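A short write-up of the structure that comes next.
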Amino acid sequence: MRASAEQVIGLTDKVCADLLDEEYAGLARQVVAKLARKRPSPLHGGRAATWAGGVVWALGQVNFLFDRSTEPHVAQDDLAAAFGLSKSTLGQKGKQIRDMLKMTWGTPEFLRAR
């Protein structure tokens, strides 16, 4: 099944509203838009839930979401459960997204304002 940007954004918006905040939702929308603009778009291969989870996972990694000393903080297990996927699946998709977009903790466009 082909994932569309709208499906992926719908899932990221829901999980961000439930577990995170509006800032994460906005960043996730930006990442999905970048992925959708790539030619060919990688979103056309794979499930929407996998892409959505990978986007939030990738953003979480560069923004230290899984570090208990940060706010907001979410456990990896909880984030994986929110998307109905395994941590390993999200970790692999998150790495793929980080590599595609050259996303690091030093890339300001992907970082929270704090």
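Under the rule of -39500 (n - 2.57) per DSSP H run of 4 or more residues, summed and divided by the residues of the chain, what mean residue ellipticity at 222 nm is obtained, to the nearest 500 deg cm²/dmol?
-19500 deg cm²/dmol
Based on DSSP H assignment, which helices of the chain show an axial Cα extent of at least 18 Å together with a mean Kyte-Doolittle hydropathy greater than or equal to 0.0?
Those that clear 18 Å and a mean of 0.0 are 5-19, 48-62.
Can you give me the relative contact order of the chain as a percent, contacts being Cα pairs under 8 Å and 6 or more apart?
Over the chain, the number comes to 29 percent.
Given +1 on the Cβ of Lys and Arg, -1 on the Cβ of Asp and Glu, and no further charges, what dipole in debye does the chain carry about its Cα centre, rounded to the nearest 20?
The dipole magnitude comes to about 660 debye.
Per 5 Å bin, what is the whole-percent P(r) computed from every C-alpha pair distance within the range 13-72?
Percent of Cα pairs in each bin: 4, 18, 28, 25, 14, 7, 3, 1.
Assuming 1.567 mPa s and 4 °C, estimate D for the chain with Stokes-Einstein, Rh taken as the Kirkwood radius over Cα pairs, in µm²/s.
95
From the Cα gyration tensor of the range 60-114, with a ≥ b ≥ c the square roots of its eigenvalues, which class applies: rounded if a/c is under 1.5, or else prolate if a/b is larger than b/c, or else oblate?
Note, shape of the range 60-114 comes out oblate.
Once label points are set 7 Å from the Cα along Cα→Cβ at both Ser69 and Lys14, what is their separation, rounded to one decimal in nm?
Placing both labels 7 Å along Cα→Cβ, they lie 3.5 nm apart.
Can you tell me how much longer the chain between Lys34 and Asp21 gets when fully stretched, taken as 0.36 nm per residue apart minus their C-alpha distance, in nm with one decimal?
Going from the current span to full extension adds 2.6 nm.
In a shell of Cβ-Cβ distance under 14 Å around Leu11, excluding Leu11 itself, what net charge do Lys and Arg (+1) and Asp and Glu (-1) give?
So the environment of Leu11 carries a net charge of +1.
On a straight-distance basis, which lysines could pair with Lys34 in a cross-link, Cα separation under 22 angstrom, same-chain partners fewer than 8 positions away excluded?
Leaving aside lysines fewer than 8 places away in the same chain, those within reach of Lys34 are Lys14, Lys93, Lys95, Lys102.
Compare the Cα positions of Trp51, Ala28, Val15 along the charge dipole of the chain (+1 at Cβ of Lys, Arg; -1 at Cβ of Asp, Glu; about the Cα centre) and return the one farthest towards the positive end.
Comparing the listed Cα positions along the dipole, Trp51 ranks first.
Aspartates and glutamates within cross-link reach of Lys87: Cα-Cα under 15 Å, excluding same-chain residues under 8 positions apart?
Candidates past the 8-residue exclusion: Asp77, Asp78.
Every read-out reported here was derived from the displayed coordinates using simple, explicitly stated rules and does not represent laboratory data. These numbers were taken from a predicted model, which means no experiment stands behind them. Note: ideal-geometry Cβ built from the backbone for every residue, glycine included; neighbour counts use all protein chains shown.
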